[in-house]
Amino acid sequence: MSSDAYVFDAYGTLFDVHSAVRKHADALGPAGARMSQVWRQKQLEYSWVRSLMGSYSDFWKLTEESLDYALAANDLGDKNGHLREILLEAYWTLDCYPEVPKVLKRLRKNGARIGILSNGSPEMLNAAIESSDLGHLIDDVFSVDAVKKFKTAPDVYRMVTDSWDIKAKKVSFQSSNRWDIAGATKFGFKTVWINRTEQPDEYKSYAPNKVLSTLEEL
């Protein structure tokens, strides 16, 4: 399924959102893994709720708010804010998945255009890209901050087609988030769901063109 352009979601697709917690597993103890799941769940939930309310706030603010909830919900809140501070710092430099650099290099070698389309703020995305040394492999980074709407609003996906002057069907969009794949499919992108954790399918009306377990199979 070759395409003229490949656009990737960032968090969970290129960058491991749970790597921030793993870096501080000793400080967090056995509740850390559960806390990381809640942090991610609330981060996304807050974006959807704000979208429905028409009350945009940049993704870093939602990342902070969702971490506060996750720490409190798992009895990990601390008076001096030490855990909060180190986890937020780690989120700026999330690890990319091991196969990412090789896959992006291969696509570029084949002449494809490469972009990122993410809920993340420009500052967050630039920091993650720099820490993983991916900047030379990416042509453009599209943040929802430009349209002040979160995925799955059509205006988010339209940033790619408008900026690149390309038809939606010429773009292959990769995401680990099934809801994101549904939104991109409805918009008209060819879609590839990167189902890293073998989740059951949903949003059957908006099926992906392909389902892969890692980007290595792209």
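The values are calculated or read from the model by the stated rules, or taken from the named source; none is laboratory data. Note that the structure is predicted; figures quoted are calculated from it, not measured. Heads up, the Cβs are rebuilt from the backbone with ideal geometry, glycines too, and the neighbour counts pull from every protein chain shown. The accessibility values were calculated without ligands, DNA or RNA, using every heavy atom of the protein model including side chains. Shrake-Rupley method; radii C 1.70, N 1.55, O 1.52, S 1.80 Å.
Starting from the Cα of residue 25, step 7 Å along the direction of its Cβ; do the same at residue 163; then give the gap between the two resulting points in nm.
The answer from the label model is 3.6 nm.
By how many nm would the segment from residue 216 to residue 106 grow when fully extended, if each residue of separation counts as 0.36 nm and the alpha-carbon distance is taken off?
Here the segment from residue 216 to residue 106 would lengthen by 38.6 nm.
How many Å³ per residue does the convex hull of the Cα positions in the chain occupy?
119 Å³
Among 19, 76, 3, whose Cα projects farthest towards the positive end of the dipole of the chain, with charges put on the beta-carbon of Lys, Arg (+1) and Asp, Glu (-1)?
3
Roughly what would the spin-label model give for residue 4 and residue 209, points 7 Å off Cα along C-beta, in nm?
1.3 nm
Return the distance in nm (one decimal) between the two label points of a simple spin-label model at residue 52 and residue 123, each offset 7 Å from Cα along Cα→Cβ.
Modelled inter-label distance: 2.9 nm.
Under 19 Å from a point 7 Å along the Cα-to-Cβ line of residue 34: which residues of the range 54-74 have their amide N that close?
66-74
Counting only protein heavy atoms, what percent of the accessible surface of the range 86-172 is carbon or sulfur at a 1.4 Å probe?
47 percent
For a Förster distance of 22 Å, can you work out the FRET efficiency between the beta-carbons of residue 61 and residue 90, rounded to the nearest 0.05?
Approximately 0.80, to the nearest 0.05.
Accessible area per residue, 1.4 Å probe, Å², for the chain: what's the number?
48 Å²
Among the aspartates and glutamates, select those whose C-alpha is under 12 Å from the C-alpha of residue 167, and discard any that sit fewer than 8 residues away in the same chain.
Output for residue 167: 4.
How large is the dipole of the range 116-157 about the Cα centre if only Lys and Arg carry +1 and Asp and Glu carry -1, each at its Cβ, rounded to the nearest 20 debye?
With only Lys, Arg, Asp and Glu charged at Cβ, the dipole is about 280 debye.
Return the tail of the calculated pair distribution for the range 160-218, meaning the percent of Cα-Cα pairs more than 13 Å apart.
Above the 13 Å cut-off, the range 160-218 has 57 percent of its Cα pairs.
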